[in-house]
Amino acid sequence: MTLSRPERIDLLMPRQPRAGTESAPREPLGSLAEIERAVIDATIAILAPGQRFVLLWSLQIGGHTVAGVQTKQRDGTVANLVPPPEVLAHLADHKRMSYDPNTGAWLSAEIFIAGPTRYKATYSTGTVADWMPEVSVEDLRAEFDAFPRPAAEIPDWIRTQLDWSTKMTG
């Protein structure tokens, strides 16, 4: 089924909490699919009417964690939002659960959301988009302490940055 434009916008409308319900403390989720579902739902919940074509992005390297939500308005303007703390916590859980000692953990994530069941998530173990914040050498070292990976799995740009730092500090 193909959705018309207004139906697609309606899919992105925030869900209203039921009367008398309050936010419960975040419970650990048991699978990557459950975490992604919670991230999508929490992101959609912060949207205002008319916001659509959502990009949720996150950069998590060492102790450096940043994220944002970018939406496109009906009139074509772009709005930047701060994701709720629960989204950041779920993304940190996702990173820990998806860690593989043979390839490492993801460094950056981009999740394009068109609706509660229509999204595309990309988690990269080797690249960080040029428009994301810069990564420090300290954060890179902390990343590989927390999520070790074989030397062959360390991307060239990281290896260069670490080698350059070592040369500069002696």
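Would you please give the FRET efficiency between S31 and A114, computed as 1/(1 + (r/R0)^6) with r the Cβ-Cβ distance and R0 = 25 Å, to the nearest 0.05?
Taking R0 as 25 Å, the efficiency between S31 and A114 is 0.65.
Taking R0 as 35 Å, what FRET efficiency do you get between T160 and A45 from their Cβ-Cβ distance, rounded to the nearest 0.05?
On the way: r = 41 Å, r/R0 = 1.16.
The computed FRET efficiency comes out at 0.30.
Among DSSP beta bridges lying fully in segment 32-169, give the percent that are antiparallel, nearest 5. Write down the numbers at each step before the final one.
Details: 27 of 27 bridges.
The antiparallel proportion sits near 100 percent.
Let's see if you can work this out: charge +1 on each Lys and Arg Cβ, -1 on each Asp and Glu Cβ, no other charges. What is the dipole magnitude of segment 32-169 about its Cα centre, in debye to the nearest 20? Before the final figure, lay out the partial values.
Working: 12 positive and 17 negative charges, 82 e Å.
The dipole of segment 32-169 has a size of about 400 debye.
Of H64, V87, T160, which is farthest on the positive side of the dipole of segment 32-169, counting Cα position, with +1 on Lys and Arg Cβ, -1 on Asp and Glu Cβ, and the Cα centre as origin?
So the residue we want is V87.
For q = 0.11 Å⁻¹, what log10 I(q)/I(0) does segment 32-169 give under the Debye formula with an equal point scatterer on each alpha carbon and no solvent?
Normalising to I(0) and taking log10 leaves -0.43.
Values quoted throughout were computed directly from the atomic coordinates according to the rules given, and no laboratory measurement underlies them. Bear in mind the structure is a predicted one, so any value in this text is a computation, not a measurement. When we count neighbours, we look across all protein chains shown, and the Cβ atoms used for this are built from the backbone with ideal geometry, even at glycine.
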